[in-house]
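The structure appears below as structure tokens.
The values are calculated or read from the model by the stated rules, or taken from the named source; none is laboratory data. Note that this is a predicted model, so its numbers are computed, not measured. Counting neighbours? That spans all protein chains shown, and the Cβs are built from the backbone with ideal geometry, glycine included. Heavy atoms of the whole protein, side chains included, go into the accessibility calculation; ligands, DNA and RNA do not. Shrake-Rupley method; radii C 1.70, N 1.55, O 1.52, S 1.80 Å.
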Amino acid sequence: MKKKVLSILLAAAMTLSLAACGGSDPAESSSAPAIGGGSDGPVVEVTKAEFENGKFAETRKIRVEIYDRGNDGGSDPTDNMYTDYIKKGMLEDHNVEVEFVKVPRWTEVDEINNLLAAHTAPDVCVTYSYPTIQTYADMGGVIDLSGYVNQYKDELPNLWNWLGDTNINWDRDPVTGNLWAIEAKLATSNRVVTFVRQDWLDKLGMKAPTTKAEFEDMLVAFKDNAATLLGADASKMIPYSVSYDVGWRAATLIESFLDPKMSDKEFYVNGFDDRKLTQNGTKEAVRLLNKWYNMGLMWNDFALYGSGDTTEDSMMKAGYVGAFTHNWDYPFRNAEDSINANLQREVGPDAKFVAIDPFEDKNGGHNKFVPGPIDRKVFFPSTNTEPLASMLYLDWISAPEHIKYLQIGDEGVTHEVLESGAIKTIAATGNAIQNSGMNIDYTITCNGLNLGDATLTSLSKAYTYASIDPALVQEADKIAGTDIRVGKNVNVGAIESEAGVGDTLSAKRDQAYDNAVVASPEKFDAVWDEYISDYLSAGGQDIIDERTEKWEQFFGSSDMLP
């Protein structure tokens, strides 16, 4: 809470600071580039003498945000084999010197807030929170990129070829033309999957569950047979695990309670974030979690461990967890330190988590809402005095050969090539260690494997997890892509009521989920309704109302996008 209050105070301080400089327009400052609106915003011009054939005559310098995930045994995110590759390439190709600036991954919104407010943000910033960008854009603290992506289009062929008009202009305001951020592209739309201990199923003579009822029966069997499955550690049994972030971690269960044929309007109006708190059907999904919690089928202390805490992972690696729902490839990540690799060392060669699809929707399918092709949002703060150099950076890291290298590294060091031509990841050491899956912290315009060739990418996908059986990856990939509904771009311009409330509503959302799950069954409705009311009164209802108004302004009485 202290961090959130600090962020608000710093944001207020930034407003005063901008006002003290003679207005909220950083164009009035001699050290900041001009920004502004219009369908094709102004740019800082460079002469032919300064910039020719894609290269600056004099060396330019930019600072780029990089996530610090705090991985035990990982590489320094600002100084490793991949940062060296980027720095060398940018200097040679564009005469741009690059410095990386660490931002803690698990508190990135707070940190970006603080850096923006203090005027010390990197030149190239990345965040998952568009409302954070909008808040500072409203205060004149973010550069309008519309002019740069259009006027310098010929200098940005890789960016345009990779992201295309869809991702580059996804956030363009349909009225003003302002473009405060560029959306990275999801190379795969896989989201979350449920995993279960196959060796536990085998030991109890059970088949993988295919329905909610069968899943519950399985959890009961795990609990009732704790001594058989864990021996002296029976008291540590956790049949099903979620974290404090219930809306993400139980996503496929929640979505199974939503209407597969929900209208685009309903989904958008209630879709301020991707945790689906106010969607119709969510309450009944949480009621089922509440039942399982009170039956002793869930991790009792899940709500006590916040973002970035490794307690849950440690319990999975030690072999105490029977099932969990998480990112589609979660038990396969981090090579020798993956959950499955640790399980096999700790428990035995047969111990492993496998993907299952047990949460049926009302039509008997497996309703999965996946996002549109967008991912992280890349933006430039108004303190960026090198916007063109920064755009060239985005173009450089979007080149197919650079994405490929950053994802797979050097042959014999981080990968090998199989007879089929597939790329197989091998465990890396030292400066070659990737701190994020497929190095997405460096390929900030690309999330997901992209080797420049669709056939090679598909062939290699299952081999990109060192120490993991490719068949396990293939099955998880298949399940993640079953019965999906892909998100659409509802481009109605800025929702003003969303600005500045993202952190507050996210915290209240988690509180609503967590407290409802752990409530006694007879108090569930009262607890849920109380926290939903708090969420709505803190700004949630204003967002719903404004989204409804904007939808009707642009799409009239239609419930579906054209």
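If you take the alpha carbon radius of gyration of the range 450-523 and divide it by 2.2 N^0.38 Å, what ratio comes out, to two decimals? Please report the intermediate quantities before stating the final value.
Numbers: Rg = 20.5 Å, N = 74, 2.2 N^0.38 = 11.3 Å.
Taking N as the residue count of the range 450-523, the ratio is 1.81.
Between residue 154 and residue 489, residue separation times 0.36 nm minus the direct Cα-Cα distance comes to 118.0 nm. Share of carbon and sulfur in the accessible area of the chain stands at 49%, probe radius 1.4 Å.
Summing charges over neighbours of residue 535, with a neighbour being any other residue whose Cβ is under 12 Å away from its Cβ, gives -3 when K and R count +1 and D and E count -1. When the alpha carbon coordinates of the range 219-265 are projected onto the principal axes, the ranges are 53, 21, 9 Å, largest first. Each principal axis of the range 167-220 carries a Cα extent, and these read 62, 21, 13 Å when sorted largest first.
In plain terms, the bigger the Kirkwood radius, the slower the diffusion; for the range 313-392, with that radius from Cα pairs, at 37 °C and 0.692 mPa s, Stokes-Einstein puts D at 197 µm²/s. Here the Kirkwood formula, the inverse mean of 1/r across different C-alpha pairs, assigns the range 126-177 a hydrodynamic radius of 12.3 Å. For the listed peptides 468-479, 206-217, a ranking on the average number of other beta carbons within 10 Å per residue, highest first, reads 468-479, 206-217. Amide H to amide H, with H built 1.01 Å from N, residue 97 comes under 5 Å of 60, 61, 62, counting only residues 5 or more places away or on other chains.
From the square roots a ≥ b ≥ c of the eigenvalues of the alpha-carbon gyration tensor of the range 347-477, which class results: rounded (a/c under 1.5), prolate (a/b over b/c), or oblate? The shape class here is oblate. With contacts defined as alpha carbon pairs under 8 Å and 6 or more residues apart, what's the relative contact order of the chain in percent? Contact order relative to length: 21 percent. In the range 161-284, if the dipole is taken from +1 on Lys/Arg beta carbons and -1 on Asp/Glu beta carbons about the Cα centre, which of 161, 258, 246 is farthest to the positive end? Comparing the listed Cα positions along the dipole, 246 ranks first.
Across all directions, the average projected area of the convex hull around the alpha carbons of the range 411-555 is 14.2 nm².
A simple count of charges around residue 241, restricted to other residues whose Cβ falls under 9 Å of its Cβ and scoring Lys, Arg +1 and Asp, Glu -1, yields 0. Put a plus charge on the Cβ of each Lys and Arg, a minus charge on the Cβ of each Asp and Glu, and nothing anywhere else: the dipole of the range 442-562 about its Cα centre is then about 580 debye.
A dipole drawn for the range 518-562 from +1 and -1 charges on Cβ atoms has a positive end, and of 548, 524, 560 the residue lying farthest that way is 560. Ligands, DNA and RNA are left out, and with a 1.4 angstrom probe the accessible area of the chain is 41 Å² per residue. Pairs from the list 291/317; 153/404; 87/368; 265/352 with a Cα-Cα gap above 30 Å: 87/368; 265/352.
Between the helical axis of 387-397 and the longest alpha-carbon principal axis of the chain there is an angle of about 40 degrees.
Over the range 221-367, the hull volume per residue, using the convex hull of the C-alpha atoms, is 127 Å³.
Ordering 215, 267, 342 by the projection of their Cα atoms onto the charge dipole of the chain, which places +1 on the Cβ of Lys and Arg and -1 on the Cβ of Asp and Glu, puts 215 at the extreme positive end. Within the chain, DSSP assigns beta bridges of which about 50% are antiparallel (rounded to the nearest 5).
A viscosity of 1.567 mPa s and a temperature of 4 °C, combined with the Kirkwood radius over Cα pairs in Stokes-Einstein, give a translational diffusion coefficient for the chain of 52 µm²/s. Summed over all non-identical Cα pairs, the Kirkwood treatment of the range 444-493 gives a radius of 13.2 Å.
Scalar couplings 3J(HN,Hα) for the range 230-247, obtained by applying the Karplus form with A = 6.51, B = -1.76, C = 1.60 to θ = phi - 60°, are 10, x, 5, 9, 4, 5, 8, 4, 10, x, 9, 10, 10, 10, 4, 8, 4, x Hz; x denotes Gly and Pro. Computed over Cα pairs, the Kirkwood radius of the range 346-390 leads via Stokes-Einstein (1.306 mPa s, 10 °C) to a diffusion coefficient of 96 µm² per second. Using C-alpha pairs below 8 Å separated by at least 6 residues, the relative contact order for the range 282-349 is 24 percent. Distance from the C-alpha centroid of the range 489-562 to that of the range 92-167: 27 Å, rounded to the whole angstrom. Place a label point 7 angstrom from the Cα of residue 165 along the Cα-to-Cβ direction, then list the residues of the range 334-378 whose backbone nitrogen is under 18 Å away. Within reach of a label on residue 165, which here means backbone N under 18 Å from a point 7 Å along Cα→Cβ, the range 334-378 contributes 373-374. For the chain, the dipole from Cβ point charges (+1 on Lys and Arg, -1 on Asp and Glu) about the Cα centre works out to 920 debye, to the nearest 20. Fully extending the segment from residue 46 to residue 224, taken as 0.36 nm per residue of separation minus the present Cα-Cα distance, adds 56.9 nm. Could you tell me which of rounded, prolate or oblate describes the range 32-140, using a ≥ b ≥ c as the square roots of the eigenvalues of the alpha-carbon gyration tensor, with rounded for a/c under 1.5 and, failing that, prolate when a/b is larger than b/c and oblate otherwise? The shape class here is oblate. Modelled spin labels at residue 210 and residue 72, positioned 7 Å past Cα toward Cβ, are 4.0 nm from each other.
With angles folded into 0 to 90 degrees, how steeply does helix 541-555 sit against the dominant principal axis of the chain? Use alpha carbons for both and round to 10. The angle comes out at about 60 degrees. Axis of helix 502-518 versus longest Cα principal axis of the chain: the two differ by about 0°, to the nearest ten degrees.
In this structure, the amide hydrogen of residue 446, modeled 1.01 Å from its nitrogen in the peptide plane, lies closer than 5 angstrom to those of 185, counting only residues at least 5 positions away or on a different chain.
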